[in-house]
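The values are calculated or read from the model by the stated rules, or taken from the named source; none is laboratory data. What you see is a predicted model, and the numbers here were worked out from it, not measured in a lab. For neighbour counting, all protein chains shown are included, and Cβ atoms are generated from backbone atoms with ideal geometry for every residue, glycine included. Please note that ligands, DNA and RNA were not included when accessible areas were found on the heavy atoms of the full protein model with its side chains. Shrake-Rupley method; radii C 1.70, N 1.55, O 1.52, S 1.80 Å.
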Amino acid sequence: MTSPTTVPAPPPRPAPRLAALGLALALGACNLAGATAPNAASAGSQTLLVATTRAPAADAGASPFFVAERGAGLAFAQATLAPPSSGVLASLSPFDARWGVVGVGPVVRAEPAEAFARAAVGRDVLIYVHGFRETFETAAAGAAELAAGIGFRGASGLFTWPSGGATFDYGYDRESALWSRDALEELILTLARSESGGRVHIVAHSMGSLLTLETLRSVRASGGDAAMARIGAVVLASPDVDIDLFAQGVERLGVDAQRITVISARNDRALALSRRLAGGVVRAGAADRERLAGLGVRVADASEFGSGVLNHDLFLRDPDVRAVVARAIERSR
């Protein structure tokens, strides 16, 4: 992967509502799963360990399972996902193109982090932290797609926070992500203190990178070396984080910043629009490779692999970029 050139200065900012609309439509790529239909569980189905701060749906056993509203703290459940349909007819259909949630088990509210740890006992854990404009079902589909795409052999997990899942929910999503920091910290610390022996790998996308970075600062402060030693790879894909805030967070992590791999792209148009709304401050996912590497993190510049309109989800869409995630996990072992 080649080194990026300097990110150009942003063009004049559009009117606030038009900018918000452009950002929402662009970052709609964070809704990675697209349309899904309820397939029947098959031999290729995947079990996903779900930790969530979302409120459950009125009918907890039926779609959408969890909603956009904030819940009463952390909860745990296991979800079953069916793989994408295959064959010629499936390739022509806009449905069944992604993993689909076919069922969610009982929601555990009593000691949910411990329940998650017990379900993962003896295995490494991969926790996917989604980005902006995700429903529970699209976030779950993204987690399943990630685990299957890299061939992860441990316990596949999802930390899903209360994203509004709608066009103008960027502000609500950012606040909900930060509101979920304590819950994610509880989950990570519980896994780190469990006796299973497995390592905890985290892959966060876009706005989920802000939640992850802020949480790791707290884990470092409250759990110390023992907790951080159980964390394996931390991959921040297209992080929608102010570069100055990112630098501050990485500095607080000290030597543990070496666990972080940033997947960046100069041609990430979603982050370009986010930059406009942020007053022209570059986002970490679109910063110069040299600037990021100077902070002590690993950098994978995916600019040359972007062939789409937005190039905001290359870690799922492009096999070469997806391999960066697999290598980061393997290296952490």
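Within the stretch 283-300, the set of residues being farther than 15 Å from A237 by Cα and touching a helix residue (DSSP H, G or I) at 6+ places or on another chain (Cβ under 8 Å) comprises R291, L295, G296. Among the residues of the stretch 117-157, those identified as under 12 Å from the mean Cα position of the chain (by Cα) and hydroxyl-bearing (S, T, Y) are Y128, T138. The residues of the stretch 259-276 that are at pLDDT below 95, in a helix (DSSP H, G or I) and over 14 Å from S206 (Cβ atoms) amount to a single one, R276. Selection of the stretch 114-132 for residues being buried (at least 24 other Cβ atoms within 10 Å of the Cβ) and more than 16 Å from F76 (Cα to Cα) yields H130, G131, F132.
Looking across the stretch 188-230, the residues that are small (G, A, S), over 21 Å from E111 (Cα atoms) and in contact with a helix residue (DSSP H, G or I) (Cβ under 9 Å, 6 or more places away or on another chain) come down to A204, S206, G208, S209, A221, A226, A229. Within the stretch 246-269, the set of residues being in contact with a helix residue (DSSP H, G or I) (Cβ under 8 Å, 6 or more places away or on another chain) and farther than 19 Å from R289 by Cβ comprises R252, L253, G254, D256. Only residues that are touching a residue at least 24 places away in the same chain (Cβ under 8 Å), farther than 16 Å from A82 by Cα and loosely packed, with under 15 Cβ neighbours inside 10 Å were counted across the stretch 44-60, and they come to 1.
So, in the stretch 267-285, how many residues would count as being under 30 Å from R333 (Cα atoms) and either touching a Lys or Arg at 6+ places or on another chain (Cβ under 6 Å) or open to solvent by 60 Å² or more (accessible area, probe 1.4 Å) (or both)? Count: 1. Tell me whether the stretch 296-305 contains one or more residues that are crowded, with 19+ Cβ neighbours inside 10 Å, in contact with a strand residue (DSSP E or B) (Cβ under 9 Å, 6 or more places away or on another chain), over 27 Å from I231 (Cα atoms) and not acidic (D, E). Checking the stretch 296-305: at least one residue is crowded, with 19+ Cβ neighbours inside 10 Å, in contact with a strand residue (DSSP E or B) (Cβ under 9 Å, 6 or more places away or on another chain), over 27 Å from I231 (Cα atoms) and not acidic (D, E). Pairs linking a residue in the stretch 193-216 that is of a type in the set (D, E, K, R) and open to solvent by 10 Å² or more (accessible area, probe 1.4 Å) to a residue that is part of a strand (DSSP E or B) and modelled with pLDDT under 95, with Cβ atoms under 8 Å and 6 or more positions apart or on different chains, do not occur.
Residue pairs whose Cβ atoms lie under 6 Å apart, separated by 6 or more positions or on different chains, with the first residue in the stretch 251-280 and hydrophobic (A, V, I, L, M, F, W, C) and the second in a loop (DSSP other than H, G, I, E, B) and at pLDDT below 95, are I263/A302; A265/A302; A265/G306; A265/N311; A270/L310; A270/H312.
Does S194 satisfy the condition of being farther than 28 Å from V321 by Cα and polar (S, T, N, Q)? Yes. In the condition set (1) within 22 Å of P64 (Cα to Cα); (2) in contact with a Leu (Cβ under 8 Å, 6 or more places away or on another chain), G164 is compliant with all but (2). Only one of the numbered conditions (1) open to solvent by less than 30 Å² (accessible area, probe 1.4 Å); (2) farther than 30 Å from D320 by Cα; (3) hydroxyl-bearing (S, T, Y) is violated by T138, and that is (2).
With respect to G224, determine if the residue is at pLDDT below 95 and surrounded by fewer than 17 Cβ atoms within 10 Å (Cβ to Cβ). Here the answer is no, as G224 does not meet what is asked. Close Cβ contacts (under 8 Å, 6 or more residues apart or on different chains) running from residues in the stretch 309-333 that are within 21 Å of V200 (Cα to Cα) and at pLDDT below 85 to residues that are not basic (K, R) and not in a helix (DSSP H, G or I) comprise R333/G232.
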